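Asker: To start, I am sharing the structure in question, which I have written as structure tokens.
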Amino acid sequence: MAALLPLRALVRWLCLALLAGLIVTPLAQIVMRGVFNVPMSGAEEMARYFLICLTFLGGSYVTAEGGQVKMEEFQALIPPRPRWLLQLAIEVAGILLFGLILAASLVSIRNNLDNQTATLEMPFWLFMGPLAAGSALLVVETAAMLAHTWARGRPEPKQTVLT
């Protein structure tokens with residue numbers, strides 16, 4: 001879908017920035033502690049936050065690129081029509097699952113608006129935001145896959161993506 005291309009590019013660059021932060025934060029902690037004998041307060045929590053953000057936000061990009069585990073070897077053993085129906089069912093189940101996770105994360109954020117993390121004192125909504133945003137992006141990408149599979153009228157060919 002061409003309409004999703006700018007969003008995918010934004011997610012890709014955001015994930016690259018998060019990966020850089022995930023690498024630089026522990027490195028800075030090591031340098032500060034080892035060279036200057038001054039530990040960085042909250043570096044572990046910040047690195048963990050970058051990892052959480054990268055995982056949840058990057059999931060939609062992985063889905064768009066076809067990198068999710070699909071067990072294609074087993075699907076290839078199924079005749080085309082049942083395989084197409086199976087792929088449609090998997091995508092519908094994905095939309096429902098990611099929609100449920102989105103709803104649960106929004107309820108959790110709403111119920112904990114006054115809470116914050118221990119070390120960095122980060123607001124809870126900011127800590128849980130990547131889960132909600134990632135789930136919403138996964139709903140959109142999985143719906144786009146469903147629309148594509150439905151429009152094709154036949155199963156997707158086996159495609160192994162190694163990036």
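The values are calculated or read from the model by the stated rules, or taken from the named source; none is laboratory data. Computed from a prediction, not measured in an experiment: that's the story for all the values here. Positions of Cβ are backbone-derived with ideal geometry, glycine not excepted, and every protein chain shown enters the neighbour counts.
Asker: I'd like the full set of residues that are more than 24 Å from TRP125 (Cβ to Cβ) and not in a helix (DSSP H, G or I), limited to the range 23-44. Write out each step before concluding.
Answerer: Let us first name the residues in the range 23-44 that are more than 24 Å from TRP125 (Cβ to Cβ), namely 23-24, 26-40.
Scanning the range 23-44 gives VAL35, PHE36, ASN37, VAL38, PRO39, MET40.
Asker: When the residues of the range 46-66 are narrowed to those that are in contact with a Gly (Cβ under 9 Å, 6 or more places away or on another chain) and small (Gly, Ala, Ser), which ends up surrounded by the most Cβ atoms within 10 Å (Cβ to Cβ)?
Answerer: Applying the filter and picking the extreme gives SER60.
Asker: Another question, if that's okay. Pick from LEU137, LEU162: which is at pLDDT 90 or above and under 30 Å from VAL24 (Cα atoms)?
Answerer: Sole residue among the options that is at pLDDT 90 or above and under 30 Å from VAL24 (Cα atoms): LEU137.
Asker: Can you spot a residue in the range 144-159 that is out of contact with any Pro (no Cβ under 9 Å at 6 or more places or on another chain), of a type in the set (Lys, Arg) and either crowded, with 17+ Cβ neighbours inside 10 Å or at pLDDT below 90 (or both)?
Answerer: Scanning the range 144-159 turns up at least one residue that is out of contact with any Pro (no Cβ under 9 Å at 6 or more places or on another chain), of a type in the set (Lys, Arg) and either crowded, with 17+ Cβ neighbours inside 10 Å or at pLDDT below 90 (or both).
Asker: Does the range 71-85 contain at least one residue that is surrounded by 14 or more Cβ atoms within 10 Å (Cβ to Cβ), within 19 Å of the chain's Cα centre (by Cα) and either within 22 Å of ALA136 (Cβ to Cβ) or of a type outside the set (S, T, N, Q) (or both)?
Answerer: no
Asker: Separate question: Among the listed residues ALA47, ALA20, identify the single one that is in contact (Cβ under 8 Å) with a residue 12 or more places away in the chain and not in a loop (DSSP other than H, G, I, E, B).
Answerer: Result: ALA47 is the single residue among ALA47, ALA20 that is in contact (Cβ under 8 Å) with a residue 12 or more places away in the chain and not in a loop (DSSP other than H, G, I, E, B).
Asker: Scan the range 106-118 and tell me whether some residue there is surrounded by 14 or more Cβ atoms within 10 Å (Cβ to Cβ), within 17 Å of the chain's Cα centre (by Cα) and of a type in the set (Gly, Ala, Ser).
Answerer: no
Asker: Can you tell me which of VAL62, VAL69 is at pLDDT 90 or above and aliphatic (A, V, I, L, M)?
Answerer: The unique qualifying residue is VAL62.
Asker: Another question about this same structure. All but one of (1) over 15 Å from the mean Cα position of the chain (by Cα); (2) farther than 30 Å from LEU126 by Cβ hold for GLY66; state the number of the condition that does not hold.
Answerer: GLY66 satisfies all of (1) over 15 Å from the mean Cα position of the chain (by Cα); (2) farther than 30 Å from LEU126 by Cβ except (1).
Asker: Can you say whether LEU102 is loosely packed, with under 15 Cβ neighbours inside 10 Å and at pLDDT 95 or above, as far as the supplied structure shows?
Answerer: Against the criterion (loosely packed, with under 15 Cβ neighbours inside 10 Å and at pLDDT 95 or above), LEU102 does not qualify.
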